[in-house]
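Let me begin by presenting the structure, written as C-alpha cells, before commenting on it.
Any read-out appearing in this document is the output of simple, stated calculations on the displayed coordinates, not a laboratory observation. Predicted, not measured: the structure shown is a model, and the values here were computed from it. Cβ atoms come from the backbone with ideal geometry, glycine included; neighbour counts cover every protein chain shown.
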Amino acid sequence: MEAFSVGEDSAVPDEQAFQATVALEGDGTCIARARHLAAHFLTRVQAEHGLPVSQRAMDLTQLVVSELVTNALKYAPGPVLLDLRITGEAVEVAVWDGDPVLPVARAADAARVGQHGLEIVMAVAQGFEAQREPVGKRITARIALLDDPDGTIPGQRTL
C-alpha cells in the first residue's frame, strides 16, 4: 500500500517546505515506481509552486532514490518508507527500513562488481546521513535543486 501527497509543512516557519512520503513493498516494480514518484514530486513542486529544479537535480534525485531503495530492499526485512522533502534550495531523499545496521561505504575497487550504491550516493549528494531510529534506520541524502553545470533549469524562460 502506498500513500503519496505533496503538501506544505507548517513546521518550517520562514520557508515553504513540501513533502511526499510513500511506503513501498518489495515487489519487482517498486524501485521503478520510487524513481517515478521522485520525478513526479519534483515536477509538481516545480509546476505548482514555482521552485526551480534543474534537469541534473531531477536525474540525480532519481539515481539516489533508486540506489537507496534498492539497498533497503536488498538488506532489510519488510517494507521501505521513502520520504522526499524540499528544504531550502535542496531536496532531501530519506529512506527508512527495519534493519538497525548502518551501512558502511566500501573502499573504492574498480574490480568489484556491484555494491557501489552507497559510494554513488555519497559522490553525488551534497549531504549524507545515516542514523538509527527506534526501529530500523533512516538514510538521508541532500541534493541541490539547481545543481546543473550548464545552468539549465527546466521551464526557465530566457530573456
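The Cβ shell under 12 Å around ARG132 holds other residues with a net charge of -2, Lys and Arg each +1, Asp and Glu each -1.
Amide hydrogen proximity for ASP99: with H placed 1.01 Å from N in the peptide plane, the residues at 5 or more positions away or on another chain lying under 5 Å are LYS137.
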